[in-house]
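Scroll down for the structure; my scribbles are underneath it.
The values are calculated or read from the model by the stated rules, or taken from the named source; none is laboratory data. All of these numbers come straight from a predicted model, not from anything done at the bench. When we count neighbours, we look across all protein chains shown, and the Cβ atoms used for this are built from the backbone with ideal geometry, even at glycine.
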Amino acid sequence: MIKGQTAIVTGGSRGIGAAVAKRLAQEGVNVAVVFAGNADLAESVCEECRAFGVKAEKYNCDVSDFNAAKELTAKVKEDFGTVNILINNAGITRDGLIAMMKEKDFDDVIATNLKGVFNMIRSCCSIFIRNKGGKIVNMSSVSGLMGNAGQVNYSASKAGVVGITKSVAKELAPRGITCNAVAPGFINTDMTKNLSVDPEEIARAIPLGRMGTPEDVADAVVFLVKADYITGEVIRVDGGIAM
């Protein structure tokens, strides 16, 4: 039963994060919507969450900043009373071929997509330990499982998320805390709209014949949040493209 619990959802103002926040709210979970850019979008997500009768508030935070993540978690705990669920969804892309990739583009993606996951787990785990339980779901990608040309930085960050997930799962299992990951494939979001490949060509490469929706991913996240006997797992939500 997750009704009445509190979740932090990073990257929660749009796309997959917004869909996750709303699905959790639908389950009766109070939601802290974390954003780094558009406050109006984040507030709009909060309003949609509140329509389900839960508490929802927005928080501006750069999760790649260790101290900022720590302050965010403390503020959410103060506002909501505790934190029970952490969804590490915040992510960026800076695509480019390895021969031409700028060092900053590599560093920025690793900082947000990988170190951001560490920062948030590090800041939440003491609360989970005191609560004698907690649920962590990290957003990886099929790019982190099978690689993708032009995404050395992104693939490395998402492969790292898998490693964090499995290590944290082993460390925190004795405390009643689960840690799992979801690995989306091609999902119809703002991030994939910038791809140079024709969407119809992508769909033809997917066994199920279509790109996924943010809601497809949100369903998997909520499944893992509800699961008490699954930990260290990576669930692909990719229409079969990486099998």
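With (1) at pLDDT below 95; (2) in contact with a strand residue (DSSP E or B) (Cβ under 8 Å, 6 or more places away or on another chain) as the list, and GLY37 as the residue in question, which single condition is left unmet?
Evaluating GLY37 over (1) at pLDDT below 95; (2) in contact with a strand residue (DSSP E or B) (Cβ under 8 Å, 6 or more places away or on another chain) leaves (2) as the failure.
How many residues are within 21 Å of GLY133 (Cβ to Cβ) and touching a residue at least 40 places away in the same chain (Cβ under 8 Å) if we restrict to the range 219-234?
So the answer is 11.
Test ALA173 against the stated conditions and say whether it is closer than 22 Å to TYR229 by Cα, buried (at least 24 other Cβ atoms within 10 Å of the Cβ) and either within 14 Å of the chain's Cα centre (by Cα) or not aromatic (Phe, Trp, Tyr) (or both).
So ALA173 fails the test.
Name the residue that is farthest from GLY212 (Cα to Cα), counting only residues in the range 13-45 that are surrounded by 23 or more Cβ atoms within 10 Å (Cβ to Cβ) and polar (S, T, N, Q).
Checking each candidate, the answer is ASN30.
Among the residues of the range 46-95, which ones are polar (S, T, N, Q) and buried (at least 16 other Cβ atoms within 10 Å of the Cβ)?
SER64, THR73, ASN84, ASN88, ASN89, THR93
Would you please list the contacts, defined by Cβ atoms under 6 Å and residues six or more apart or on different chains, that run from a residue in the range 10-22 that is over 14 Å from MET120 (Cβ atoms) and among the β-branched types (Val, Ile, Thr) to a residue that is in a helix (DSSP H, G or I) and at pLDDT 95 or above?
Note: pairs meeting the criteria are ILE16/PRO214; ILE16/VAL217; VAL20/ALA218; VAL20/VAL221.
Among the helices (runs of 4 or more DSSP H) lying completely within the range 159-243, list those that include at least 1 residues that are in contact with a strand residue (DSSP E or B) (Cβ under 6 Å, 6 or more places away or on another chain) and farther than 17 Å from PHE118 by Cα.
214-226
Tell me, yes or no, whether the range 125-141 has at least one residue that is at pLDDT 95 or above, under 22 Å from GLY212 (Cα atoms), assigned to a helix (DSSP H, G or I) and not basic (Lys, Arg).
No, the range 125-141 contains no residue that is at pLDDT 95 or above, under 22 Å from GLY212 (Cα atoms), assigned to a helix (DSSP H, G or I) and not basic (Lys, Arg).
Quick check on this structure: which one of ALA111, ALA149 is over 24 Å from LYS226 (Cβ atoms), in a loop (DSSP other than H, G, I, E, B), over 12 Å from the mean Cα position of the chain (by Cα) and not polar (S, T, N, Q)? First the steps, then the outcome.
Working: ALA111 fails: in a loop (DSSP other than H, G, I, E, B).
From the options ALA111, ALA149, the qualifying one is ALA149.
Looking at the structure I just gave you, is GLY147 in contact (Cβ under 8 Å) with a residue 60 or more places away in the chain and in contact with a Ser or Thr (Cβ under 9 Å, 6 or more places away or on another chain)?
So GLY147 fails the test.
What do you reckon, is THR178 within 27 Å of PHE106 (Cα to Cα) and of a type in the set (Val, Ile, Thr)? Show your work before the answer.
Details: within 27 Å of PHE106 (Cα to Cα): no; of a type in the set (Val, Ile, Thr): yes.
It is false that THR178 is within 27 Å of PHE106 (Cα to Cα) and of a type in the set (Val, Ile, Thr).
Please specify each residue of the range 79-96 satisfying the condition of being more than 15 Å from PHE128 (Cα to Cα) and out of contact with any helix residue (DSSP H, G or I) (no Cβ under 8 Å at 6 or more places or on another chain).
If the condition is that a residue be more than 15 Å from PHE128 (Cα to Cα) and out of contact with any helix residue (DSSP H, G or I) (no Cβ under 8 Å at 6 or more places or on another chain), then ASP79 is the only one that fits.
Determine, yes or no, whether THR178 is over 14 Å from the mean Cα position of the chain (by Cα) and crowded, with 23+ Cβ neighbours inside 10 Å.
Considered against the rule, which asks whether it is over 14 Å from the mean Cα position of the chain (by Cα) and crowded, with 23+ Cβ neighbours inside 10 Å, THR178 comes out as yes.
Filter the range 211-243 for residues that are acidic (Asp, Glu) and within 17 Å of VAL162 (Cα to Cα); which is surrounded by the fewest Cβ atoms within 10 Å (Cβ to Cβ)?
The selected residue is GLU233.
I'd like the residue in the range 97-128 that is surrounded by 16 or more Cβ atoms within 10 Å (Cβ to Cβ) and small (Gly, Ala, Ser) and, out of all such residues, is nearest to ILE177 (Cα to Cα).
Step by step, filter the range 97-128, then rank; the result is SER123.
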